[in-house]
Amino acid sequence: MNNTINNKIDILCVGEVLVDFIGHQEDVLINDTRDYHRYLGGSPTNVAMNSTRLGLNTIMVATVGNDGFGSYISERLASVGVNTNHLNVLDNKSTSVIFVSRSQGTPDFIPYRSADCCIYEKQISKEILSNTKIFHTTCFALSKNPAQKTILKKAQEAYDLGCKLSIDVNYARKLWKSKKKAFKVINAYCKFNPLIKISEDDMLRLFEKELPHEEIFEFFHHQGVDLVCLTLGSKGVKLSQKGKEIIQMPAIKIDKVMDSTGAGDAFWSGFLFAYIKQKSINECLDIALKLAALKLQNVGRLPDNINILSKLL
C-alpha cells in the first residue's frame, strides 16, 4: 500500500490498539481459564486490519508503549499494509493489554490500560482528514482522556470537512468513570451523524435494562443519527434508517462457534467496505454477515482469504 496521503484514505481508524490474550479453554470465565494465546486486538485495530486486507486504503491512529508488545503490534499492522505512520510510541507508558475469555457469547474481559488512551491531536492532521472518506472510532477509545478530547475535536473537524463518521458503541461500564459521562460523550459524537454499530449486549450494559429495539433506535435517531445497525448475535441484525422501515436479516448458520471475539468488528469491517463501494444497505448487511460468520469459525484473526469476499461485490 502507498503510505502517502495523496491517495484517498478509505478509513481512518482512531482508537485502541491492544494485545489480546484470549483464553484457550472454551466457554469458561477468566477465573477458570488456565492458558491464553496472544493476538492483536482492539476494535478499531481489527477494523483497520480487516479493511486493509479487503483492499481498502486504511490508516491506524493509535498509541503503544516502547516495548515488546508495541513492536509486535507495529509489525503485525505493517505486515498487512496498514499505514502506521500515525502510530505513536511512548517510552513512559506500556502497551495496553486485555485478557479475554473464550466463549460463544460476549466474552468476559479484564483490561490493563496504559498507552492506548494517549492519542494526541498532532497525530491527526487536517490534511489527513480532508482526504478521508470514513473516520471510525469506538466507545472504548472515547472512555478516557486524552484520547477522548482528541477524538471529539478531530471528529468535529472531520465532519466539517465532509467526512462520514462511524462508531462502534462498545460500551463497558468498567472502562468509564460514570455512565453519566459515557452518555454525555456518546451524545456529543452522535451530533456528527455517524454510522452507528451497536449490539444487544452493548445496549443492555448502557441502559442497564432490556429495551425494545425500536426504543434503542429512537434514542440514537433523536441524537441526530440517521443510520443505526443493531447486531443480535445468532439472531442476525436489524438496521434502522430515520424515516424508513427497519431492515432485519438473519445470521448465517455455522456448525461451530470457535471464537466470538472480534466478530462484531468483522461485521462492521464488511459493512463499511460495502458502504464505501456505494452498495445498497441490504448488500452492506449481506457482506457484513458473511465476514462475521467467517470470524466466528476462526480463533483470533480472520483467515487470509477474506479478499475473496471483496470480489463478490
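Read-outs: derived from the displayed coordinates by stated rules, not from any lab. The structure presented is a predicted model; accordingly, all values stated were derived computationally and were not measured. Every residue, glycine as well, gets a Cβ built from its backbone with ideal geometry; the counts of neighbours run over all protein chains shown.
Before moving on, here are some points about what is shown:
- Scattering curve values for segment 1-76, log₁₀ I(q)/I(0), Debye with Cα scatterers, q = 0.13, 0.17, 0.24 Å⁻¹: -0.49, -0.74, -1.10
- Using R0 = 30 Å, the C-beta based FRET efficiency linking residue 66 and residue 108 works out to 0.50.
- Residue 121-residue 187 pseudo-label distance in nm [points 7 Å out on the Cα-to-Cβ vector]: 2.5
- Computed E for residue 252/residue 204 - FRET, C-beta separation, R0 25 angstrom, nearest 0.05: 0.60
- You can think of it this way: the chain between residue 34 and residue 279 has 83.7 nm of extra reach, that is 0.36 nm per residue less the Cα-Cα gap.
- Rg ratio (alpha-carbon, reference 2.2 N^0.38 Å) - segment 53-184: 1.09
- Set of aspartates and glutamates near residue 180 by C-alpha distance (under 14 Å), chain-local residues within fewer than 8 positions excluded: 208
- Think of it as helices only: each DSSP H run of n ≥ 4 in the chain is worth -39500 (n - 2.57), and spread over all residues that comes to -10500 deg cm²/dmol at 222 nm.
- The chain - Debye-derived log10 I(q)/I(0), Cα point model, q = 0.10, 0.12, 0.14, 0.15 Å⁻¹: -0.50, -0.75, -1.07, -1.26
- Packing here is the average count of other Cβ atoms within 10 Å per residue, and on that basis the peptides 170-181, 230-241, highest first, run 230-241, 170-181.
- Among the listed pairs 122/174; 8/164; 184/242; 177/197; 164/197, those whose Cα-Cα separation exceeds 20 Å are 122/174; 184/242; 177/197.
- Rg over Rh for segment 79-124 works out to 1.09, using Cα positions for both radii and the Kirkwood form for Rh.
- Between residue 26 and residue 8, the modelled label-to-label distance comes to 4.4 nm, taking each label 7 Å out from Cα in the direction of the beta carbon.
- DSSP-defined beta bridges in the chain - what % are antiparallel, rounded to 5: 40
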